[in-house]
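**Q** Starting off with a structure, shown below.
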Amino acid sequence: MAENRLGIPLQPSVLFKLPFDKNRLSVTAYHENIIADSPRLLCRYMDPLNYPYYSSYGVHELSIQRRGPALKLKYVNDERLFSHTWLLLIFKTWQRLVLFHCSFLALKARSLSTTFIAPEEYRIEGERRLFQGCPCSQILDDNFQHSLYIFQDDLTHAYRLHAAVGNGELRRCPVWTAFVSELQMNSDTWIERHSRHRVRVKDLHIFVFCNEYRRKAQIRRHGEFELNFTHAAGADAFINVFRPGDSDSEDAVGAIDVPPAQ
């Protein structure tokens with residue numbers, strides 16, 4: 001069996017599986033040993049005669065980089081002196097590309113076998129950073145300090161919010177991301193300033209990449225998602241991305257910091 005040849009256990013813990021090209025190619029993320037916490041990717045490819053071929057690498061052995069609508073996964077040896085392209089995955093939507101990239105990076109950052117992540121792997125080529133993880137953009141998120149970013153994709157011109165670990169060994173590891181819809185962009189009420197440090201966002205659907213993260217900790221009475229900035233200047237700058245000049249309104253200046261409503 002292919003699983004035996006690749007050293008895959010009989011009952012691996014599957015994290016996710018994605019089909020490509022009408023399922024002629026698929027990529028499965030799995031744990032070969034949950035205790036060791038060393039996730040791997042399994043690629044299955046069907047040849048023109050429908051004969052399957054398999055290949056598998058640990059996420060710590062791979063690097064990731066965007067190429068237009070595709071993600072390139074490259075094998076890199078331990079000394080980082082040799083590499084070759086393993087997979088080129090073409091995505092139909094920017095959202096699916098982003099979710100795969102963030103999922104891969106979160107797995108790689110948390111793998112006990114990972115010794116190095118190149119800085120460029122944290123970036124998705126073709127995205128512009130409109131709001132970055134500087135000190136004023138730090139948020140208190142489920143009682144953790146996270147860096148908040150706003151990205152805009154050059155191809156689709158769409159926006160997304162992105163939260164990453166703010167400090168420590170896992171710094172820049174993705175925690176969650178959320179895509180901003182056109183309906184939200186055209187609404188005057190989807191972002192509301194609740195206090196000097198707090199901004200509430202309506203109808204925000206976040207995709208979480210960390211098992212320990214509790215989304216409900218940030219959800220308020222009417223379903224709004226609350227962003228609690230450590231600096232009021234961060235809340236100003238965040239609102240200014242979507243509503244230039246609005247952060248200096250009387251409501252924003254006169255707001256006082258109050259405990260969040262549960």
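**Q** If I filter segment 208-224 for residues that are part of a loop (DSSP other than H, G, I, E, B) and closer than 13 Å to residue 139 by Cβ, do I get at least one hit?
**A** Looking for residues that are part of a loop (DSSP other than H, G, I, E, B) and closer than 13 Å to residue 139 by Cβ, one finds at least one in segment 208-224, hence yes.
**Q** Do you know which residues across segment 44-65 are among the charged types (D, E, K, R) and surrounded by fewer than 18 Cβ atoms within 10 Å (Cβ to Cβ)? Walk me through how you get there before you give the answer.
**A** Taking segment 44-65 first, the residues among the charged types (D, E, K, R) are 44, 47, 61.
Residue satisfying the conditions is 47 alone.
**Q** Looking at segment 158-169, which of the residues that are modelled with pLDDT of 95 or more and within 14 Å of residue 110 (Cα to Cα) is surrounded by the fewest Cβ atoms within 10 Å (Cβ to Cβ)?
**A** That would be 165.
**Q** Of all residues in segment 45-70, how many are part of a strand (DSSP E or B), out of contact with any Cys (no Cβ under 9 Å at 6 or more places or on another chain), touching a residue at least 40 places away in the same chain (Cβ under 8 Å) and not polar (S, T, N, Q)? First the steps, then the outcome.
**A** Filtering segment 45-70 for residues part of a strand (DSSP E or B) gives 45-46, 52-58, 62-67, 70.
When the remaining residues are screened for being out of contact with any Cys (no Cβ under 9 Å at 6 or more places or on another chain), the result is 45-46, 52, 58, 62-67, 70.
Subset that is touching a residue at least 40 places away in the same chain (Cβ under 8 Å): 52, 58, 62-67.
Next, only the ones that are not polar (S, T, N, Q) stay: 52, 58, 62, 64, 66-67.
Adding up the residues that qualify gives 6.
**Q** Which one of the conditions (1) under 22 Å from residue 181 (Cβ atoms); (2) assigned to a helix (DSSP H, G or I); (3) in contact with a Ser or Thr (Cβ under 6 Å, 6 or more places away or on another chain) does residue 238 fail to meet, given that it meets all the rest?
**A** (3)
**Q** Quick one: how many residues across segment 138-184 are free of Cβ contacts under 8 Å to residues at least 24 places away in the same chain, small (Gly, Ala, Ser) and out of contact with any Asp or Glu (no Cβ under 9 Å at 6 or more places or on another chain)?
**A** Final tally of qualifying residues: 1.
**Q** Could you grab me the full set of residues in segment 110-130 that are of a type outside the set (Ser, Thr, Tyr) and within 12 Å of residue 38 (Cα to Cα)?
**A** Just the residues of segment 110-130 that are of a type outside the set (Ser, Thr, Tyr), to begin with: 110, 112, 116-121, 123-130.
110, 112 - these are the residues of segment 110-130 that are of a type outside the set (Ser, Thr, Tyr) and within 12 Å of residue 38 (Cα to Cα).
**Q** Any idea which residue in segment 86-105 is surrounded by the most Cβ atoms within 10 Å (Cβ to Cβ), counting only those that are of a type in the set (Val, Ile, Thr) and either touching a strand residue (DSSP E or B) at 6+ places or on another chain (Cβ under 8 Å) or touching a residue at least 60 places away in the same chain (Cβ under 8 Å) (or both)?
**A** 98
**Q** Here is a follow-up. Hey, could you check segment 1-29 for residues that are crowded, with 16+ Cβ neighbours inside 10 Å and over 21 Å from residue 88 (Cβ atoms) and say which is modelled with the highest pLDDT?
**A** 12
**Q** Just to be sure, is residue 131 closer than 23 Å to residue 205 by Cβ, hydrophobic (A, V, I, L, M, F, W, C), without any contact (Cβ under 8 Å) to a residue 60 or more places away in the chain and touching a helix residue (DSSP H, G or I) at 6+ places or on another chain (Cβ under 9 Å)? Explain how you work it out, then say what you get.
**A** Working: closer than 23 Å to residue 205 by Cβ: yes; hydrophobic (A, V, I, L, M, F, W, C): yes; without any contact (Cβ under 8 Å) to a residue 60 or more places away in the chain: no; touching a helix residue (DSSP H, G or I) at 6+ places or on another chain (Cβ under 9 Å): yes.
So residue 131 fails the test.
**Q** Quick test for you: out of 30, 57, pick the one residue that is out of contact with any helix residue (DSSP H, G or I) (no Cβ under 8 Å at 6 or more places or on another chain), more than 17 Å from residue 209 (Cβ to Cβ) and not assigned by TED's automatic domain parsing to the domain that holds residue 180.
**A** That would be 57, the only listed residue that is out of contact with any helix residue (DSSP H, G or I) (no Cβ under 8 Å at 6 or more places or on another chain), more than 17 Å from residue 209 (Cβ to Cβ) and not assigned by TED's automatic domain parsing to the domain that holds residue 180.
The values are calculated or read from the model by the stated rules, or taken from the named source; none is laboratory data. A quick note: this is a predicted structure, and the numbers were derived from the prediction, not measured. Here Cβ is always computed from backbone atoms with ideal geometry, including for glycine, and neighbour counts include all displayed protein chains.
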